[in-house]
1. Filter the range 149-160 down to residues that are hydroxyl-bearing (Ser, Thr, Tyr) and within 23 Å of Leu250 (Cβ to Cβ) and give me whichever is surrounded by the most Cβ atoms within 10 Å (Cβ to Cβ).
2. Which residue pairs have Cβ atoms under 9 Å apart, sit 6 or more places apart or on different chains, and have a first residue in the range 103-121 that is closer than 16 Å to Met92 by Cα and a second that is surrounded by 14 or more Cβ atoms within 10 Å (Cβ to Cβ) and of a type in the set (D, E, K, R)?
3. Among the listed residues Asp55, Asp70, which satisfies the condition of being within 24 Å of Ala111 (Cα to Cα), modelled with pLDDT of 95 or more and of a type in the set (Asp, Glu)?
4. Among the residues of the range 115-152 satisfying the criterion of being part of a helix (DSSP H, G or I) and of a type in the set (D, E, K, R), which is farthest from the chain's Cα centre (by Cα)?
5. Within the range 76-88, can one find any residue that is part of a loop (DSSP other than H, G, I, E, B) and modelled with pLDDT of 95 or more?
6. When you go through Thr204, Thr193, Thr185, Thr179 one by one, which is the residue that is β-branched (Val, Ile, Thr), part of a helix (DSSP H, G or I) and under 16 Å from the mean Cα position of the chain (by Cα)?
7. Take the conditions touching a residue at least 24 places away in the same chain (Cβ under 8 Å), open to solvent by less than 10 Å² (accessible area, probe 1.4 Å) and not in a strand (DSSP E or B) and apply them to Val68. Does it pass?
8. For Asn163, work out the one condition from (1) open to solvent by 50 Å² or more (accessible area, probe 1.4 Å); (2) assigned to a strand (DSSP E or B) it doesn't fulfil.
Amino acid sequence: MTPVEVTRGAGPVVLGMPHTGTYVPGDIWDRLNDRGRALTDTDWHIHQLYDGLLDDVTVVRATFHRYVVDANRDPQGHSLYPGRNTTGLVPMTDFDGRAIWRTPPDDAEIAARRDAWHAPYHAALEAELARLRDTHGVAVLYDCHSIRSEIPYLFEGTLADFNIGTNDGATCAREIAATAEDVCTAATDYTTTVNGRFKGGWTTRHYGRPTAGLHAIQMELAQATYMRECPPWTYLPARAEAVRAPLGCLLGRLDALARAGQGLSSPALGRHDRGQPS
């Protein structure tokens, strides 16, 4: 099993998909407990949801499950949300705070998984962003995520439908951040939060370097917008088609901004961020 699948396009937008994979090598599967084997914390159906929304787009998709190693975590294991409940480079619990391992991996095994799975995914992502920046002068990474809308271990209450993360405006030009917020808030059937509980994971923060022509933004969707949030995690076509409309609009506008190549050098710092209370 290759760690990463790449679909190459010529446009300036890259869709990153670090959490849609469900592959778990047999030796790792044997060490998961029954709760871990449920693979509950998958970003279910995200590759299907985004399929066909933007022509000529590049997609970089991890094939492995986040319980093998989380491709959206700092490879050194540092927390992005100090003081909050979260999961690590190799999660020890699921999003409900419950253990997922019969035999947890030690530090040496975690390092080996990072090298075998995490590193190839990011090598591919970095290569595609560099390729498109060389072509267009800029590249935009749109990092695709989804999560259950109610997870008390991670956050209070019910999550907004669209959760936009730019690390408080540091990872992209202000035009990109403003466009994402404008498109999402215009979709009045949905709720939107900017830089709330999810400010952008390691991927967004690592690659988002606006002054170098690399812009990154994370979209964390509430899974209720397109699927059932319980096993067997059913994709709901009618609901999905409804949310695909604003997502397609957003990707199209980001693509147009990047192709125009104007006003995309300064970060979005200073934009009003309507985050959830900490």
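1. Let us first name the residues in the range 149-160 that are hydroxyl-bearing (Ser, Thr, Tyr), namely 149, 153, 158.
Now restrict to residues that are within 23 Å of Leu250 (Cβ to Cβ): 149, 158.
Details: Ser149: 17, Thr158: 13.
Ranking the qualifying residues of the range 149-160, first place goes to Ser149.
2. Correct list of pairs: Thr103/Arg31; Pro104/Arg31; Pro105/Arg31; Pro105/Arg113.
3. Working: Asp55 fails: within 24 Å of Ala111 (Cα to Cα).
Exactly one residue qualifies, and that residue is Asp70.
4. Just the residues of the range 115-152 that are part of a helix (DSSP H, G or I), to begin with: 115-136.
Next cut, of a type in the set (D, E, K, R) only: 115, 126, 128, 131, 133-134.
Values: Asp115: 20, Glu126: 15, Glu128: 16, Arg131: 21, Arg133: 20, Asp134: 24 Å.
So, considering only residues that are part of a helix (DSSP H, G or I) and of a type in the set (D, E, K, R), the one farthest from the chain's Cα centre (by Cα) is Asp134.
5. Within the range 76-88, the subset part of a loop (DSSP other than H, G, I, E, B) is 76-88.
Okay, now just the ones that are also modelled with pLDDT of 95 or more, so none.
Within the range 76-88, not a single residue is part of a loop (DSSP other than H, G, I, E, B) and modelled with pLDDT of 95 or more.
6. Details: Thr193 fails: part of a helix (DSSP H, G or I); Thr185 fails: under 16 Å from the mean Cα position of the chain (by Cα); Thr179 fails: under 16 Å from the mean Cα position of the chain (by Cα).
None of the other options fit; the residue is Thr204.
7. yes
8. Only one criterion is unmet by Asn163, namely (1).
The values are calculated or read from the model by the stated rules, or taken from the named source; none is laboratory data. Bear in mind the structure is a predicted one, so any value in this text is a computation, not a measurement. Methodologically, a virtual Cβ is constructed for each residue, glycine included, from the backbone with ideal geometry; neighbour enumeration extends over all protein chains shown. Side chains included, ligands, DNA and RNA excluded: accessible areas come from the protein's heavy atoms. Shrake-Rupley method; radii C 1.70, N 1.55, O 1.52, S 1.80 Å.
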